[in-house]
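The values are calculated or read from the model by the stated rules, or taken from the named source; none is laboratory data. Just so you know, these numbers come straight off a predicted model, no measurement behind them. Counting neighbours? That spans all protein chains shown, and the Cβs are built from the backbone with ideal geometry, glycine included.
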Amino acid sequence: MKITAYGVNQTETTFLQQLAQERGFELTLVKEWASAENLDLAAGSAAINSLQTGPYDEPLFAKMAALHIPLLALRNVGTDNIDFAAAKKYGIQISNVPVYSPETITEFVLMSALRLLRRSKEMDLAISAGELNPAKKMVGRQLSTQVVGVVGTGHIGYTVATLMHQIGAEVIAYDAYPRKDAPDWLHYQSSLETLLQRADVLTLHVPGLKANDHLLNAERLAMLPDDAIVINTGRGNLIDTAALINALNTGKLAGAAIDTFEFESTIEDQIQSGQAPSESHYLQLQDMPNVIMTPHIAYHSLGAVENMVKIAIDNIFSFTQDGSLINPVEG
Ligand code: NAD
Ligand code: COI
């Protein structure tokens, strides 16, 4: 059996090659994202294995059908970049990896919250500039005294909420479908707006579906307490970036940690073609001493990547053995 894996980095390559040897499949590795243009490389494959934030579009699914490749097995959670209608039209099945390590993303959120509350970027900049005295005067805030607002209490949001509770913070939450087994300490709010009014630390864990476009807009940002911080490891489209920049510029917000960025695909295209990122919102945020920008790497730990690769390949084996998927996705 041949499997073609797209969008692979060095860590994934190591795990994929180990699995290919252990389970005896032929592996083709492609660094670029999967697209109709490079799909000929996958001819003869039982499935495409992929991870990308760029689109899985109609031409891609049409080409898969033409090459008789019936399955797209994602190595990640998010499915917001898939044209499900096109996948259905061409009879392509899709699987994802719904849980690979909520703990990895949770630890990243904790790091982001602490970096913002203790003003670590400002501190680094001051130290690099030899300004020891200003750095000594920068006072931080204690996470355990803050109200943490978690939007979306699925696999990741709930793990974040639990850690924040263990640290001693008051945890409030909003989810369209609150957990039925919620512990006493998890204080669900009746609306997103109610949560926003109290969240000193706001962290987003909902999918980047169209319906969630600009969930955090100018009006909602204005509802946050003064000096709140915002952490986005969900998807870039959840925040109106222009409104976020305005809230930072006016001093409404004390800081932001942006792992998933609204204009991520523009930046990706520039990087892939060897250019320096020039997207203006990205440049503005990058320059702010109270904003931490990371390139969509909250997920990126060794254990998480090992799970992502293994579970995706498990789905392909299940499908080729009896036509069933362990983690089917249907849009
Ligand atoms: P999940 O499906 O387990 O949970 C999502 C929760 O969001 C659900 O409980 C759902 O009811 C809720 N929800 C959806 N829309 C909502 C809305 N408008 N208002 C309130 N609640 C809403 O997903 P998860 O595993 O926790 O992952 C969440 C997201 O995190 C993924 O969709 C993905 O976009 C993102 N993610 C990012 C990284 C990263 O590296 N930055 C890694 C993995 C996942
Ligand atoms: C996800 O698993 O959905 C992520 O956001 C990780 C990313 C590498 C696509």
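The residues listed here are Ala113, Ala173, Ala129, Ala218; of these, the one that is free of Cβ contacts under 8 Å to residues at least 12 places away in the same chain and small (Gly, Ala, Ser) is Ala129. Among the residues of segment 125-143, just one is closer than 24 Å to Met223 by Cβ and assigned to a helix (DSSP H, G or I), namely Leu143.
Within segment 307-321, the residues that satisfy the criterion of being away from ligand 1 (no atom under 15 Å from the Cβ) and surrounded by fewer than 20 Cβ atoms within 10 Å (Cβ to Cβ) are Lys310, Asp314, Phe317, Ser318, Thr320, Gln321. Among residues of segment 147-170 that are on the phi > 0 side of the Ramachandran plot, those with a beta-carbon under 6 Å from a residue that is away from ligand 1 (no atom under 12 Å from the Cβ) and at pLDDT 95 or above at least six positions away or on a different chain give the pairs Gly168/Ser144.
Residue-wise test of (1) of a type in the set (A, V, I, L, M, F, W, C); (2) exposed (fewer than 15 other Cβ atoms within 10 Å of the Cβ); (3) touching a Leu at 6+ places or on another chain (Cβ under 8 Å).
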| position | (1), (2), (3) |
| --- | --- |
| Ala36 | yes, no, yes |
| Ser50 | no, no, yes |
| His68 | no, yes, no |
| Ala87 | yes, no, yes |
| Gly91 | no, yes, no |
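Can you confirm whether segment 53-73 contains a residue that is free of Cβ contacts under 8 Å to residues at least 60 places away in the same chain, at positive phi and not aromatic (Phe, Trp, Tyr)? Scanning segment 53-73 turns up at least one residue that is free of Cβ contacts under 8 Å to residues at least 60 places away in the same chain, at positive phi and not aromatic (Phe, Trp, Tyr). Residues in segment 95-124 that are within 19 Å of the chain's Cα centre (by Cα) and outside any helix (DSSP H, G or I): 7 in all. Could you grab me the full set of residues in segment 34-80 that are within 16 Å of ligand 1 (Cβ to nearest atom) and either of a type in the set (A, V, I, L, M, F, W, C) or in a loop (DSSP other than H, G, I, E, B) (or both)? Hits for segment 34-80 are Leu51, Gln52, Thr53, Gly54, Pro55, Leu74, Arg75, Asn76, Val77, Gly78, Thr79, Asp80. Considering the conditions (1) within 16 Å of ligand 2 (Cβ to nearest atom); (2) buried (at least 19 other Cβ atoms within 10 Å of the Cβ), Ile229 is excluded by exactly one of them, (1). In a residue-by-residue description of segment 194-206, the property of being in contact with a Lys or Arg (Cβ under 9 Å, 6 or more places away or on another chain) and within 22 Å of Thr53 (Cα to Cα) applies to at least one position.
Contact map, segment 186-204: first residue at pLDDT 95 or above, second residue part of a strand (DSSP E or B) and polar (S, T, N, Q), Cβ cut-off under 6 Å, separation 6 or more or different chains; pairs are Leu204/Asn232. Residues of segment 159-205 that are part of a helix (DSSP H, G or I) and surrounded by fewer than 22 Cβ atoms within 10 Å (Cβ to Cβ): Thr162, Leu163, His165, Gln166, Ile167, Leu192, Glu193, Thr194, Gln197, Arg198. Within segment 167-183, the set of residues being of a type outside the set (Phe, Trp, Tyr) and either over 20 Å from Thr145 (Cβ atoms) or not assigned by TED's automatic domain parsing to the domain that holds Val201 (or both) comprises Asp175, Ala176, Pro178, Arg179, Lys180, Asp181, Ala182, Pro183.
The conditions of being free of Cβ contacts under 8 Å to residues at least 60 places away in the same chain, in contact with a helix residue (DSSP H, G or I) (Cβ under 9 Å, 6 or more places away or on another chain), among the hydroxyl-bearing types (Ser, Thr, Tyr) and surrounded by 18 or more Cβ atoms within 10 Å (Cβ to Cβ) are met by Tyr282.
Of all the residues in segment 208-223, those that are within 16 Å of ligand 2 (Cβ to nearest atom) and part of a loop (DSSP other than H, G, I, E, B) number 2. The single condition from (1) in the same structural domain as Val206 (by TED's automatic domain parsing); (2) touching a Pro at 6+ places or on another chain (Cβ under 9 Å) that Asn315 fails is (1).
For segment 92-110, state whether one or more residues are outside the structural domain of Val77 (by TED's automatic domain parsing), touching an Asp or Glu at 6+ places or on another chain (Cβ under 8 Å) and not hydroxyl-bearing (Ser, Thr, Tyr). The answer is yes, given that some residue of segment 92-110 is outside the structural domain of Val77 (by TED's automatic domain parsing), touching an Asp or Glu at 6+ places or on another chain (Cβ under 8 Å) and not hydroxyl-bearing (Ser, Thr, Tyr).
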